[in-house]
Amino acid sequence: MKFCWSTLRVTDLERSIKFYEEIIGLSVARRFPAGPGVEIAFLGDGETQIELICIGAEKSVHAGDDISWGFEVDSLDAVLSLVKEKGIAVAGEPVQPNPSVRYFFIKDPDGMKIQIVENLAK
């Protein structure tokens, strides 16, 4: 068995795609209508992707604080600057729990916790 994707319902597909493209660096792999008022976009180019589902009539989603998605970046400082430039709130200063990793958290447009991680042990 292999993990295929993680799904997140969003209130505005364009806004969410823009966030995941500009901040996280994912590109749209495929996008399609999935019934009346429903559109789906898959982002990412590896084996595992994220799936964004927008149901046009629903303007509220609840991602919760008990789950997060982590994305590895080459430079935590560069992404931190980009996030601040875009006006995205950072949940605290970067944390370095051990010599091998640094990270910080932000939230996507619908409140999904996103962990930005730099692996220092490369």
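The values are calculated or read from the model by the stated rules, or taken from the named source; none is laboratory data. Given the structure is predicted, the values throughout are model-derived calculations rather than measurements. No Cβ is skipped: glycine too gets one built from the backbone with ideal geometry, and neighbour counts run over all protein chains shown.
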For this session: Inspect region 106-117 for any residue being in the same structural domain as Ile17 (by TED's automatic domain parsing), under 12 Å from the mean Cα position of the chain (by Cα) and in a strand (DSSP E or B) and give the result as yes or no.
Result: no
Problem set entry | Which listed residue, of Ser75, Ser100, is polar (S, T, N, Q), surrounded by fewer than 11 Cβ atoms within 10 Å (Cβ to Cβ) and either assigned by TED's automatic domain parsing to the domain that holds Ser27 or in contact with a strand residue (DSSP E or B) (Cβ under 9 Å, 6 or more places away or on another chain) (or both) | Ser75
Exercise. Only one of (1) of a type in the set (Ser, Thr, Tyr); (2) surrounded by 10 or more Cβ atoms within 10 Å (Cβ to Cβ); (3) at pLDDT below 90 is not met by Ser60, so which one is it?
Worked result: (2)
Exercise. Which number in (1) surrounded by fewer than 17 Cβ atoms within 10 Å (Cβ to Cβ); (2) on the phi < 0 side of the Ramachandran plot; (3) more than 14 Å from the chain's Cα centre (by Cα) marks the one condition that Trp69 misses?
Worked result: (3)
Exercise. Restricting region 38-63 to residues that are out of contact with any Ser or Thr (no Cβ under 9 Å at 6 or more places or on another chain), in contact (Cβ under 8 Å) with a residue 12 or more places away in the chain and in a loop (DSSP other than H, G, I, E, B), which is nearest to Met112 (Cα to Cα)?
Worked result: Ala63
Exercise. Does any residue of region 84-94 turn out to be part of a strand (DSSP E or B) and surrounded by 15 or more Cβ atoms within 10 Å (Cβ to Cβ)?
Worked result: no
Problem set entry | Number of the exception - Ala29 against (1) surrounded by 14 or more Cβ atoms within 10 Å (Cβ to Cβ); (2) not assigned by TED's automatic domain parsing to the domain that holds Arg15 | (2)
